[in-house]
Amino acid sequence: MLKVEDWAEIRRLHRAEGVPIREISRRLGVARNTVRAALNSDRPPKYERAAKGSVVDAFEPQIRALLQEWPTMPGPVIAERIGWPYSMGPLKKRLALLRPQYKGIDPVDRVAYEPGEIVQCDLWFPEPRIPVAAGQERVLPVLVMTLGFSRHLSAVMIPSRQGGDILSGMWQVIEQIGRVPKTLVWDRESAIGGSGKVTQPAAAFAGTLATRILLAPPRDPEFKGMVERNNQYLETSFLPGRRFTSPGDFNGQLREWLLKANNRTVRSIQGRPADLLETDYQAMLPLPPLAPPIGLNLRIRLGRDYYVRVDTVDYSVDPQVIGRFVDITASPDTVTVFCDGRIVARHDRSWAKQLVVTDPEHAAMAKRMRQALAEDRQRRASTRRHNDGHPVALRALPDYDALFGVDFDPDPTKASNL
């Protein structure tokens, strides 16, 4: 086959210098017909290998018949149905070509985001285990949010993927920005909209902010591709070479890194998120006058052990409200317990699992209450009453011995002389 450089030289010699075909053939050592073909071709020669058959060819009619009826049938099932005797590689390649003909192709359009219009949200689970208590480490979720117009990236580690904790993280990020995006995009995260419908706590959160939550279609990660790419960016640019001693340490290092990340130039917008954030900010909604409902919220009747459980951790409560209903509110930082509007317990929230957190004052109050109860029971037991209610004095047993002249403790010297 004629080389590209020979093809170019043939055309130069003939058209620029007027060298005859015979002379070009002699100089380059190629056939005259090759020279003529090069002169008649306006495109450089391209090597194309003759197509070879594939082991899949004999099975293609059966594959097409199955895809015609079941376009989404998995590859291993197809291999079983057609009696595929080879490795799965060739079959997978052929299925990638054939399946769209029966399943259809769902193209994705490029979207131009208006300022203040949208923020994409997701949970990222970094691999490093974070120390949360003595001898206990956990893999904790990180809430990641990306503004559509400016590509401004925000992230914060939260205690759990429960709805109240996710909403607390969202409110923390929105407060830091200072304004509210008009649309919050989420996937089918169970605490936000796992059933395909926005959960009641998430709807209350969005209503307070006067925004809306838009759920992505199922199995469509490209719907929120910006935040998905930022998850990978965090994985490859933030994590390597770092160690963390606590969730607070993680969030501290993350805040410092985000300042640099938002000052980098993003190719898709040809600008820096930190510079475009002001445009996003001006188009967003103002913060509401009251904070939205966030955190974990529970209402229980306090039992005799005077502890309440929040995310597998038990927290002590003032034992004086045992038997009464208490309301528990847990933010990522604190756990607060109310009874009739009065605070009866406040603790720093533990991000560990299966721990017991006790306030010494609660334990001391419980001890005093037990002592008072024991004294009261003893007092009640020492006083008898008639049926009509008046008390009956109780005499000591030695009084009856003296009354009847009985001595049950004789002189031991006299007893020895008998």
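When every Cα-Cα distance of region 179-227 is counted in 10 angstrom steps from zero, the calculated P(r) takes the values 28, 53, 19, 0 percent. All distinct Cα pairs of region 139-229 go into the 1/r average, and the inverse of that average, the Kirkwood radius, is 13.5 Å. At 1.4 Å probe size, with the rest of the protein present, what percent of the exposed accessible area of the chain is carbon and sulfur atoms? With neighbouring chains kept in place, the figure for the chain is 51 percent. What number comes out for the charge environment of residue 253, summing +1 per Lys or Arg and -1 per Asp or Glu over other residues with Cβ under 10 Å away? So the environment of residue 253 carries a net charge of +1.
Using heavy atoms of the protein chains and a probe of 1.4 Å, the accessible area assigned to residue 14 is about 70 Å². Label positions at residue 359 and residue 5, each projected 7 Å from the Cα along the C-beta direction, are separated by 8.6 nm. Full extension of the segment from residue 390 to residue 256, taken as 0.36 nm per residue of separation minus the current Cα-Cα distance, would add 40.5 nm.
For the chain, the 222 nm mean residue ellipticity estimated from helices alone, with every DSSP H stretch of n ≥ 4 adding -39500 (n - 2.57) and the total spread over all residues, rounds to -12000 deg cm²/dmol. Averaging 1/r across all pairs of distinct Cα atoms in region 39-190 and inverting the result yields a Kirkwood radius of 21.1 Å. Among 241, 116, 164, the largest mean-square fluctuation in a Gaussian network model of the chain, built with springs joining Cα atoms closer than 10 Å, belongs to 241.
Extents of region 1-123, largest first, come to 67, 55, 25 Å (Cα atoms, principal axes, whole angstrom). Extension gain, residue 55 to residue 210, is 49.8 nm, computed as 0.36 nm per intervening residue step minus the present C-alpha separation.
The convex hull of the Cα atoms of region 50-99, projected and averaged over all directions, covers 3.4 nm². The residues of the chain have, on average, 62 Å² of accessible surface per residue, using a 1.4 Å probe with all protein chains present. Checked against a 32 Å cut-off, the cross-linked pairs 92/182; 103/224; 197/353; 92/224; 52/224; 46/92 give Cα-Cα distances beyond that limit for 92/182; 52/224. The stretch between residue 399 and residue 195, if pulled fully straight at 0.36 nm per residue, gains 65.4 nm over its current Cα-Cα span. Other residues whose C-beta falls under 13 angstrom from the C-beta of residue 5 contribute a net charge of +1, scoring Lys and Arg +1 and Asp and Glu -1.
One entry in [x] 26.0; [y] 23.1; [z] 30.0 is Kirkwood radius over Cα pairs in Å calculated from the shown coordinates; its label is [z].
Just the number: Rg to Rh for region 1-72, Cα atoms, Kirkwood Rh, two decimals. My calculation of the ratio gives 1.44.
The values are calculated or read from the model by the stated rules, or taken from the named source; none is laboratory data. Please read all numbers here as calculations on a predicted model, not as lab measurements. When we count neighbours, we look across all protein chains shown, and the Cβ atoms used for this are built from the backbone with ideal geometry, even at glycine. These area figures cover heavy atoms from the full protein model, side chains too; ligands, DNA and RNA do not enter into them. Shrake-Rupley method; radii C 1.70, N 1.55, O 1.52, S 1.80 Å.
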